[in-house]
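The values are calculated or read from the model by the stated rules, or taken from the named source; none is laboratory data. These figures come from a predicted structure and were not determined experimentally. As a convention, Cβ positions derive from the backbone with ideal geometry for all residues, glycine included, and neighbour counts pool all protein chains shown.
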Amino acid sequence: MSVDFGELFRLDVSPLELFIRTSVIYLGLLLALRVLSWREMGALEMPDMLMIVLIADGVQNGMAGQYNSVTGALIVGLTLLGWNYLLDWLSFHVPAVRRLVRPRRLQLVDHGRVIDKQLRRALVTEDELLAQLRVQGVEDIRQVKSACLEPQGELSVIRYDQNQEAPRAPKRHGPGT
């Protein structure tokens, strides 16, 4: 069985067109996911993984313009890696880009009280919050001085010191409390 290397590396679409298609779709999806996806508590769940796989499959031809060569695949892959690196570099050096690309920390518990508005904003249920607190060894929300949903999707928890008195405040923090 012979391999036609000329056909294997021949481009059906110009490299510039592949770069532009890939860039537009990558940046558009990044913006859409950033705007729509605040919900990042804990690890990726099955629906999130499925969404990523389906997006990848669904945008493949739009990015590639029906390429059939290894060279085209390399251009698409390198364009995606390049944008990812550039945005990481820019978000490190330029605060405005960081605010656009990376979500900020979101406080969900303040002095033993759940902040309902922030839970709604993050699309996190109270049950999910309490489950994450239990994973970190918190039995009672009144033990928590502050709990924040970090940009990486982890819940950071600051407890009251054992010498400090936990507040006897209501469990809710929001309208009507």
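Which condition number in (1) surrounded by 14 or more Cβ atoms within 10 Å (Cβ to Cβ); (2) outside the structural domain of ALA147 (by TED's automatic domain parsing) is the one that ASP116 fails?
Failed condition: (2).
Name every residue in segment 95-113 that is in a helix (DSSP H, G or I) and surrounded by 13 or more Cβ atoms within 10 Å (Cβ to Cβ), in order of residue number.
Residues satisfying the conditions are VAL97, ARG98, LEU100, VAL101.
Taking only pairs six or more apart or across chains, which ones have beta-carbon atoms under 7 Å, a first residue in segment 149-173 that is farther than 22 Å from ARG120 by Cβ, and a second residue that is at pLDDT below 75 and in a loop (DSSP other than H, G, I, E, B)?
TYR160/ALA166
At pLDDT 70 or above, in the same structural domain as SER69 (by TED's automatic domain parsing) and either in a loop (DSSP other than H, G, I, E, B) or in contact with a Pro (Cβ under 7 Å, 6 or more places away or on another chain) (or both): does that describe ASP12?
The answer is yes for ASP12.
Within segment 71-94, does at least one residue satisfy the condition of being assigned to a loop (DSSP other than H, G, I, E, B), surrounded by 15 or more Cβ atoms within 10 Å (Cβ to Cβ) and either touching a strand residue (DSSP E or B) at 6+ places or on another chain (Cβ under 9 Å) or at pLDDT 65 or above (or both)?
no
Checking the structure you have, find out if any residue of segment 136-151 is modelled with pLDDT under 90, under 21 Å from the mean Cα position of the chain (by Cα) and either part of a helix (DSSP H, G or I) or over 16 Å from LYS117 (Cα atoms) (or both).
Yes, there is a match, as at least one residue in segment 136-151 is modelled with pLDDT under 90, under 21 Å from the mean Cα position of the chain (by Cα) and either part of a helix (DSSP H, G or I) or over 16 Å from LYS117 (Cα atoms) (or both).
Based on what the data block shows, is ARG121 within 21 Å of LEU29 (Cα to Cα), of a type in the set (Lys, Arg) and either in the same structural domain as ALA32 (by TED's automatic domain parsing) or surrounded by 14 or more Cβ atoms within 10 Å (Cβ to Cβ) (or both)?
Yes.
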